[in-house]
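These notes concern the structure reproduced below.
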Amino acid sequence: MLRESIDHPVIIGAGPVGLVLALSLQQLGLPVTVLEAQERGAMYGDGRALALSYGTRLELEKLGVWALLEPDVTPIETIHISQQKGFGRTLLHAREQAIPALGYVVSYGALMRALDQCLDERPEGIAVRYGLPVGGLTVDAGSAEISMAMLAEIHTLCSPLAIVADGGRSLDAIPGLVRETKHYGHDALVGLVKAEQPHRYIAYERFTPKGPMALLPNGDQFSLVWTGEQAYIDQINALDDAAFLQALHQAFGDRVGRFLHIGKRGRFPLKLSKLTQTFPAHCVVIGNAAQTMHPVAGQGFNVGIRDAVALAKSIRETPSSAWGVASMLDHYRQSRAQDTGRGLLFTDFLVNVFSNDLIGVGLLRGAGLGLLGVLPGARRFLINKMSYGR
Ligand SMILES: Cc1cc2nc3c(=O)[nH]c(=O)nc-3n(C[C@H](O)[C@H](O)[C@H](O)COP(=O)(O)OP(=O)(O)OC[C@H]3O[C@@H](n4cnc5c(N)ncnc54)[C@H](O)[C@@H]3O)c2cc1C
């Protein structure tokens, strides 16, 4: 067994949130080690579209990532919200907020490429070790012990602060950490689609009794996110391309004309997951590992980046001898509780209220969408949530 002690934070997971944290720490002059299960570049082909808020753009600009990402992003100037079998609809415009765009669409793969490129240009103080799946994490009064298998040997890394940014997929069994999960029983089907008409930088969010769907402007095409119960997604996914495009037209309506082409389809199970009150010392959890949301309102990464920025600040403001002690971790968690809680509530509310067939709820949500269009308070809330996440 190999044992190594380091005196700085270790991030588990070089996904977008882990890398934003690494770059934020670097900017504050703090060294960091990042452990990543996959090989570098493994996710460059992930075409899942992420809607980045305007607030996220500002954070990526500060880190020097935005300039590298900009050629791959498509701005969202208008958000069009509607419901199937209902008259209510609302339009949100960037100009109401006096900002150039409400958000930006980019593929997960392009985001990862830009972050890696930024690391190549500015590697100082950041050590990323690829192909190292962390298998266990334990903590004691003084440090965190991170273990991984390397060439048939167990390698243990001791650090004053282990930051779990693994997307919530692998490190469930950390002693002292309890997760609450609500499985929606829904999947998201994603893919690039071409329509008869151009997108004109409009993102469409449509609520159907089967589940929400979104068409996001992406290059000269749309990124489709079509969610629904797993059996329903099984059905539409089994259709050949022509029948699939017809079903999409039926569910989405005629706003952009007929659909002409669908690229490679991807599929993701959807859940809401959050951590409850029990936390170990010397360990902090951020990004999707701390909170997983339904993608209905494009909040997940946007909340995760705010975790990363807040944690970097907290580490910077804490003397290294106190990294990972209860008071530091409590302070960080409290600073993030409201934003995270609202993100979870907002997305869960949208899924529950706007995506079911209960009698009366359809009428209410029609009225709700109509009201959103005219009530300044409700409009402002929605625009702020979509553009800044606040
Ligand atoms: C269909 C869909 C659409 C979405 N749309 C949006 C959107 O429009 N806007 C938005 O903001 N968010 C969106 N999201 C959410 C967004 O994808 C996540 O919030 C974001 O990817 C979280 O980043 P992360 O770095 O926390 O986790 P991840 O992206 O999951 O990255 C985790 C990293 O940790 C690594 N890892 C895992 N286990 C280990 C281990 N044991 N040891 C070492 N490394 C490990 C993984 O290989 C990976 O690189 C969407 C999600 C889905 C599924």
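The values are calculated or read from the model by the stated rules, or taken from the named source; none is laboratory data. Here the structure is a predicted model, which is why all the values come from computation and not from measurement. With ideal geometry, Cβ positions are generated from the backbone for all residues, glycine too; neighbour counts draw on all protein chains shown. Keep in mind that these areas ignore ligands, DNA and RNA; they rest on the heavy atoms of the full protein, side chains included. Shrake-Rupley method; radii C 1.70, N 1.55, O 1.52, S 1.80 Å.
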For this session: Using per-residue counts of other Cβ atoms within 10 Å, averaged over each peptide, order 8-17, 31-40, 216-225 from highest down.
Result: 8-17, 216-225, 31-40
Exercise. Highest GNM mean-square fluctuation, the chain, Cα pairs closer than 10 Å: which of Gly47, Gly167, Gly341?
Worked result: Gly341
Exercise. Over the chain, what percent of the accessible surface lies on carbon and sulfur atoms, probe 1.4 Å?
Worked result: 56
For this session: Could you order peptides 120-126, 313-319 by the average number of other Cβ atoms within 10 Å of their residues, highest first?
Result: 313-319, 120-126
For this session: Would you mind giving the average projected area, over all directions, of the Cα convex hull of region 227-327 in nm² with one decimal?
Result: 9.6
Problem set entry | Per residue accessible area in Å² of the chain, where ligands, DNA and RNA are left out and the probe is 1.4 Å | 44
Exercise. Where the only charges are on Cβ atoms (+1 Lys, Arg; -1 Asp, Glu), what is the dipole of region 153-259 about its Cα centre, to the nearest 20 debye?
Worked result: 380
For this session: Would you kindly calculate the mean projected area, averaged across all directions, of the convex hull enclosing the Cα atoms of region 7-82, in square nanometres?
Result: 6.9
Exercise. Rg/Rh for the chain: what does it come to with C-alpha atoms and Rh from Kirkwood?
Worked result: 0.98
Seminar exercise, completed: Kirkwood radius from Cα pairs of region 131-269 plugged into Stokes-Einstein at 25 °C, 0.890 mPa s, gives D in µm²/s equal to 134
For this session: State which helices in the chain qualify, where a helix is a whole DSSP H run, it must extend 15 Å or more along its own axis by its Cα atoms, and its mean Kyte-Doolittle hydropathy must be at least 0.5.
Result: 16-27, 241-252, 361-374
Exercise. What value, in deg cm²/dmol to 500, does the helix sum -39500 (n - 2.57) over DSSP H runs of n ≥ 4 give at 222 nm once divided by the residues of the chain?
Worked result: -11000 deg cm²/dmol
Problem set entry | Unit Cα scatterers, Debye sum, region 1-141: log10 I(q)/I(0) for q = 0.15, 0.16 Å⁻¹ | -0.83, -0.90
Problem set entry | Size of electric dipole in the chain: Cβ of Lys, Arg +1 and of Asp, Glu -1, about Cα centre, debye, nearest 20 | 1280
Exercise. Mind checking the log10 I(q)/I(0) for region 153-204 at q = 0.14 Å⁻¹? Debye, one equal scatterer per Cα, no solvent, two decimals.
Worked result: -0.72
Exercise. Around Gly135, which amide H atoms from residues at least 5 apart in sequence, or from another chain, sit under 5 Å from its own amide H, with H modelled in the peptide plane?
Worked result: Ser147, Met148, Ala149
